[in-house]
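J.: Would you mind keeping the following structure in view while I ask a few things?
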Amino acid sequence: MKDQKAQWQEQLAKLEQAIAAQESLRGVLEDAEIEAALHPLRERQQGLRAQLRGSGASAQGEHAQAVGEKGVLIGGDVEGDVLGAGAQKTVNPDPVQAAATRARKRYLHWMSQQCNVLPLAAMGGEEGLSDEVTLEKVYVDLDTKTRVPLTAEEQAERAKDFTFRMREGDKDTRPLTALEAATQTKRLVLLGNPGSGKSTFVRQLAARAAAAYLAGEPPFSDWTAGLIPVLITLRELAPELTALGQQDSSEVAQEERLVEAVRTFLTNRLSACKAEAWDTCLEDVLLAGDVLLIFDGLDEVAEACRGRVRQAVGALLNAYPTLQRVMVTCRVRSYTGAAVLAGFTPHTLAPFDEEKIKAFVEGWYRAQCDLGRLRETEVQERVRDLRQAAGDDNLRELASNPMLLTTMALIHQKEVGLPKERVRLYSLAVQVLLTRWQKRKGIVASTELRTILSDDLKLREILERLAYEAHQGQADRSRAADLPRKDLLEILEEEAYLGEIGLAAEFLDYVDQRAGLLVGQGGANAGRIPTTYTFPHRTFQEYLAGCYLAGHWDVLEMYWRHAGEGDAWYLAAMLGAEELRYNRRNKKELLHLAYDLAASDGEESAQKWQATLWSGQMAALFTPGEILRVMQGAKSGEVYLARLKPRLVQLLREQPLGAVERAEAGKALAKLGDPRRGVGLREDGLPDMVWCEVPAGSFLMGSTD
């Protein structure tokens with residue numbers, strides 16, 4: 001505890017300096033203002049002094065001893081002590097402070113464990129093994145797309161690297177790492193594409209900070225030393241903020257309600273991990289600013305609620321102005337408009353390069369070996385094979401995405417061939433998980449449940465419906481993204497699924513004992529009957545929700561409805577289209593859907609433009625030749641392309657959607673054949689533009705003036 005004690009002493013010295021500085025202002029400022037500023041500082045001062053008293057005690061004399069948290073034991077020949085040689089005396093500390101200290105440790109242990117879970121690791125597990133791959137075993141440091149100049153030392157090292165000299169790229173700069181971005185930026189927004197590692201990075205940071213705080217050692221870098229990690233998953237907080245409504249009151253009162261909502265959320269979180277005794281001390285820590293505060297998943301909040309989240313973050317910064325570090329994660333396409341946070345610096349995560357893919361693959365199979373799933377002699381062969389597959393031209397882009405690379409690894413581990421389309425990877429991963437669920441070793445199941453578990457199609461139907469409900473709740477905030485058990489029971493009781501409440505309850509109890517796609521979440525009786533269920537990675541939720549869309553009896557109505565809900569349904573809609581194209585091999589149905597979504601009649605609206613964009617992206621899954629060949633009759637390919645391409649050009653020119661959507665429209669046009677002069681190519685490969693013949697010969701360049 002020496003290092004921790006030194007940190008507390010240093011913090012106490014800083015607080016005493018701040019108190020002295022405030023006291024020096026008496027006569028300049030009103031006493032009431034000074035006392036208001038001194039109150040939180042003095043409370044924190046008292047807390048630190050209590051921690052120092054509880055962390056240890058000095059003992060003098062031969063054989064003297066001292067113990068900390070649970071009391072001070074003084075023994076031996078203590079000079080001046082009437083107890084005499086060999087006597088001992090126990091002095092009890094403040095029981096409230098001792099309880100708070102234990103609660104803080106309990107919270108930090110919980111944070112370290114929860115944040116070190118790899119969401120998809122369970123899918124690679126084997127029957128009879130209780131251990132799973134943890135995040136720390138396979139974590140690979142991430143880079144951002146921000147470039148920074150090389151230092152003189154880095155330039156010298158790079159000059160020695162022959163392999164780098166052989167590679168193309170910027171020789172004078174390097175990518176800023178995600179850790180450097182977090183180190184250098186006190187208010188950071190970490191952006192990235194789905195599966196790029198945003199949540200993984202901040203959770204790994206929080207896990208290491210918690211573990212290091214417990215051990216009294218600084219994690220990662222000095223800036224996190226002594227900071228308590230506080231992680232808020234925004235999709236869980238958003239319903240609390242939405243419930244506040246837009247009350248007619250002053251801005252100050254609104255901010256107070258927002259801060260109170262966040263603090264209530266944190267209080268409930270401490271209660272869930274049985275650390276409620278530390279809640280008052282958490283307030284002291286927040287006031288002192290000794291917190292690594294993380295808001296994860298701004299994109300998982302409905303678009304209409306993102307402004308409220310932004311207000312809540314601002315209110316917290318006003319309430320706790322000394323907060324040292326605040327981080328927010330969000331998907332790139334969602335960080336626009338009301339989501340943008342003033343005073344925060346954004347950095348975007350870069351895809352995995354070849355070296356990072358190599359490091360992950362080696363970490364993955366080394367972890368499998370450590371867990372007894374592979375022999376040592378098999379590791380390098382598996383690593384070599386997966387690296388070769390990931391480097392294939394068809395899979396290289398997929399492998400650069402950390403979540404997709406994890407999916408590839410778990411499928412490869414099962415010795416299943418790796419497809420080149422992401423939607424087929426997802427489908428295989430789901431099948432791996434269904435197979436895991438169907439292994440009933442050690443778990444009693446009724447005859448009816450065994451029948452359900454043996455039916456792959458029935459299980460897929462159930463998962464797709466539940467994923468759709470979870471995503472719908474997340475998109476419109478009509479309910480939380482985490483599905484309450486009672487709502488699941490109502491859905492599963494429907495005749496189309498399980499048809500009976502008892503079987504539905506047995507099904508949920510069963511899947512909770514199998515780590516996988518559907519995971520039970522705590523509650524008052526955590527560890528027995530979960531109160532809510534969730535999908536461990538949002539992209540798999542979106543894939544299964546997309547499958548539900550694609551399989552709906554009125555697929556057009558479903559797509560049209562969700563086109564009006566902003567960006568929340570974008571990935572689910574595209575994955576549903578890819579499911580029709582690559583897994584269900586239903587080209588005609590997909591192109592019929594694309595044709596109808598591109599309708600040009602009626603009034604223009606954001607919903608209509610979004611549907612047009614989706615139509616273009618669906619069409620871009622085919623070549624123009626395929627479209628002309630497959631689409632015949634009234635909805636012919638010629639009619640469709642003649643309608644679609646001008647609409648996409650109009651979308652680009654009139655800008656009815658955001659910049660990200662317009663860029664996607666341009667990509668679709670590039671694949672379908674952009675009709676604009678100067679954009680496409682002629683048959684000879686030259687730009688399709690007006691060319692002017694310039695004969696060879698002498699000419700005058702410049703001016704004689």
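The values are calculated or read from the model by the stated rules, or taken from the named source; none is laboratory data. Please read all numbers here as calculations on a predicted model, not as lab measurements. Here the Cβ positions follow ideal geometry from the backbone for every residue, glycine too, while neighbour counts run over all protein chains shown. Surface accessibility is based on the protein's heavy atoms, side chains included, excluding ligands, DNA and RNA. Shrake-Rupley method; radii C 1.70, N 1.55, O 1.52, S 1.80 Å.
J.: Checking Cys692 against (1) within 35 Å of the chain's Cα centre (by Cα); (2) modelled with pLDDT under 90; (3) open to solvent by 90 Å² or more (accessible area, probe 1.4 Å), only one condition comes out false. Which one?
T.: Just one mismatch for Cys692, condition (1).
J.: Within the stretch 336-359, count every residue that is aromatic (Phe, Trp, Tyr) and surrounded by 23 or more Cβ atoms within 10 Å (Cβ to Cβ).
T.: Residues of the stretch 336-359 aromatic (Phe, Trp, Tyr): 344, 352.
Add one more test, that the residue is surrounded by 23 or more Cβ atoms within 10 Å (Cβ to Cβ), and what stays is 352.
Going through the stretch 336-359 one residue at a time, the tally reaches 1.
J.: Among Leu244, Leu258, Leu286, Leu282, which is the only one that is over 19 Å from Tyr320 (Cα atoms) and among the aliphatic types (A, V, I, L, M)?
T.: Values: Leu258 fails: over 19 Å from Tyr320 (Cα atoms); Leu286 fails: over 19 Å from Tyr320 (Cα atoms); Leu282 fails: over 19 Å from Tyr320 (Cα atoms).
Going through Leu244, Leu258, Leu286, Leu282 in turn, the sole match is Leu244.
J.: Given the conditions (1) over 29 Å from Ser334 (Cβ atoms); (2) more than 27 Å from the chain's Cα centre (by Cα), report the number of the one that Asp279 does not fulfil.
T.: Every listed condition holds for Asp279 apart from (2).
J.: OK, next. Would you confirm whether or not the stretch 393-405 contains a residue that is modelled with pLDDT under 85 and over 25 Å from the mean Cα position of the chain (by Cα)?
T.: Looking through the stretch 393-405, at least one residue is modelled with pLDDT under 85 and over 25 Å from the mean Cα position of the chain (by Cα).
J.: Ok, one more. Within the stretch 240-273, how many residues turn out to be under 23 Å from Ser199 (Cβ atoms), open to solvent by less than 30 Å² (accessible area, probe 1.4 Å) and among the β-branched types (Val, Ile, Thr)?
T.: Matching residues across the stretch 240-273 total 1.
J.: I'm told Gly602 meets every condition in (1) open to solvent by 50 Å² or more (accessible area, probe 1.4 Å); (2) in contact with a Pro (Cβ under 8 Å, 6 or more places away or on another chain) except one. Can you identify the failing condition by its number?
T.: (2)
J.: When you check Glu276 against the structure, is it within 18 Å of Gln311 (Cβ to Cβ) and among the acidic types (Asp, Glu), yes or no? Steps first, please.
T.: Details: within 18 Å of Gln311 (Cβ to Cβ): no; among the acidic types (Asp, Glu): yes.
No.
J.: Take Lys671 and tell me if it is in a helix (DSSP H, G or I), touching a residue at least 24 places away in the same chain (Cβ under 8 Å) and loosely packed, with under 15 Cβ neighbours inside 10 Å.
T.: No, not satisfied.
J.: Looking at the stretch 412-469, which of its residues are at pLDDT below 80, closer than 21 Å to Glu578 by Cα and among the small types (Gly, Ala, Ser)?
T.: Gly417
J.: Does Thr90 count as modelled with pLDDT of 80 or more and either among the β-branched types (Val, Ile, Thr) or outside any helix (DSSP H, G or I) (or both)?
T.: Values: modelled with pLDDT of 80 or more: no; either among the β-branched types (Val, Ile, Thr) or outside any helix (DSSP H, G or I) (or both): yes.
No, not satisfied.
J.: Here's another thing I want to ask about it. Restricting to the stretch 256-289, name every residue that is in contact with a Leu (Cβ under 6 Å, 6 or more places away or on another chain) and among the acidic types (Asp, Glu).
T.: Of everything in the stretch 256-289, those that are in contact with a Leu (Cβ under 6 Å, 6 or more places away or on another chain) and among the acidic types (Asp, Glu) turn out to be Glu276, Asp279.
J.: Turning to a different aspect of this structure: Every residue in the stretch 486-537 that is under 27 Å from Thr200 (Cα atoms), out of contact with any Leu (no Cβ under 9 Å at 6 or more places or on another chain) and at pLDDT 80 or above, please.
T.: Matches in the stretch 486-537: Thr531 only.
J.: Taking the stretch 274-325, which residues are open to solvent by 40 Å² or more (accessible area, probe 1.4 Å) and outside any helix (DSSP H, G or I)?
T.: Those that are open to solvent by 40 Å² or more (accessible area, probe 1.4 Å) and outside any helix (DSSP H, G or I): Lys274, Pro321, Thr322, Gln324.
J.: Continuing with this model, one more query. Mind checking which residues of the stretch 581-599 are open to solvent by less than 10 Å² (accessible area, probe 1.4 Å) and either within 19 Å of Gln541 (Cβ to Cβ) or not in a helix (DSSP H, G or I) (or both)?
T.: First, the residues of the stretch 581-599 that are open to solvent by less than 10 Å² (accessible area, probe 1.4 Å): 590-591, 593-594, 597-598.
Within the stretch 581-599, Ala598 is the sole residue that qualifies.
J.: Residues to consider are Glu557, Glu542; find the one that is of a type in the set (D, E, K, R), part of a helix (DSSP H, G or I) and in contact with a Phe, Trp or Tyr (Cβ under 9 Å, 6 or more places away or on another chain).
T.: On the way: Glu557 fails: in contact with a Phe, Trp or Tyr (Cβ under 9 Å, 6 or more places away or on another chain).
Residue meeting the stated conditions: Glu542.
J.: Is there any pair linking a residue in the stretch 559-571 that is on the phi < 0 side of the Ramachandran plot to one that is among the basic types (Lys, Arg), with Cβ under 8 Å and at least six apart or on different chains, and which?
T.: Once the first residue is on the phi < 0 side of the Ramachandran plot and sits in the stretch 559-571, its partners that are among the basic types (Lys, Arg) give Ala563/Lys608; Asp567/Arg333; Tyr570/Arg333.
J.: Still on this structure: Taking the stretch 258-273 as the search range and keeping residues that are assigned to a helix (DSSP H, G or I) and touching a residue at least 40 places away in the same chain (Cβ under 8 Å), which one is farthest from Val328 (Cα to Cα)?
T.: To start, the set of residues in the stretch 258-273 that are assigned to a helix (DSSP H, G or I) comprises 258-272.
Remaining after also requiring touching a residue at least 40 places away in the same chain (Cβ under 8 Å): 258-259, 261-262, 270, 272.
Numbers: Leu258: 17, Val259: 17, Ala261: 18, Val262: 15, Leu270: 21, Ala272: 23 Å.
Top of the filtered list is Ala272.
J.: Applying the selection to the stretch 605-632, what residues are open to solvent by 40 Å² or more (accessible area, probe 1.4 Å), touching a Pro at 6+ places or on another chain (Cβ under 9 Å) and under 22 Å from Asp674 (Cβ atoms)?
T.: If the condition is that a residue be open to solvent by 40 Å² or more (accessible area, probe 1.4 Å), touching a Pro at 6+ places or on another chain (Cβ under 9 Å) and under 22 Å from Asp674 (Cβ atoms), then no residue fits.
J.: With the requirement that a residue be open to solvent by less than 40 Å² (accessible area, probe 1.4 Å) and either among the hydrophobic types (A, V, I, L, M, F, W, C) or more than 30 Å from Gln184 (Cα to Cα) (or both), what does the stretch 360-372 give you?
T.: Narrowing the stretch 360-372 to residues open to solvent by less than 40 Å² (accessible area, probe 1.4 Å): 360-361, 363-365, 367-369, 371.
Within the stretch 360-372, Phe360, Val361, Trp364, Tyr365, Ala367, Gln368, Cys369, Leu371 meet the criteria.
J.: Looking at the stretch 370-380, is at least one residue under 22 Å from Phe265 (Cβ atoms), touching a Leu at 6+ places or on another chain (Cβ under 9 Å) and among the hydrophobic types (A, V, I, L, M, F, W, C)? Show your work before the answer.
T.: Going through the stretch 370-380, the residues under 22 Å from Phe265 (Cβ atoms) turn out to be none.
Among the residues of the stretch 370-380, not one is under 22 Å from Phe265 (Cβ atoms), touching a Leu at 6+ places or on another chain (Cβ under 9 Å) and among the hydrophobic types (A, V, I, L, M, F, W, C), which makes the answer no.
J.: For the stretch 623-633, indicate whether the set of residues that are under 19 Å from Tyr559 (Cα atoms) and among the hydroxyl-bearing types (Ser, Thr, Tyr) is non-empty. Before you say what the answer is, go through the steps one by one.
T.: Here is the first cut: in the stretch 623-633, the ones under 19 Å from Tyr559 (Cα atoms) are none.
Looking for residues that are under 19 Å from Tyr559 (Cα atoms) and among the hydroxyl-bearing types (Ser, Thr, Tyr), one finds none in the stretch 623-633, hence no.
J.: Okay, moving on. Can you find a residue that is at pLDDT below 85, part of a helix (DSSP H, G or I), among the hydrophobic types (A, V, I, L, M, F, W, C) and open to solvent by less than 60 Å² (accessible area, probe 1.4 Å) anywhere in the stretch 101-115?
T.: No.
J.: Determine, yes or no, whether Pro656 is in contact (Cβ under 8 Å) with a residue 40 or more places away in the chain, part of a loop (DSSP other than H, G, I, E, B) and over 30 Å from Leu428 (Cβ atoms). Please lay out each step first, then the result.
T.: Values: in contact (Cβ under 8 Å) with a residue 40 or more places away in the chain: yes; part of a loop (DSSP other than H, G, I, E, B): yes; over 30 Å from Leu428 (Cβ atoms): yes.
So Pro656 fits the description; yes.
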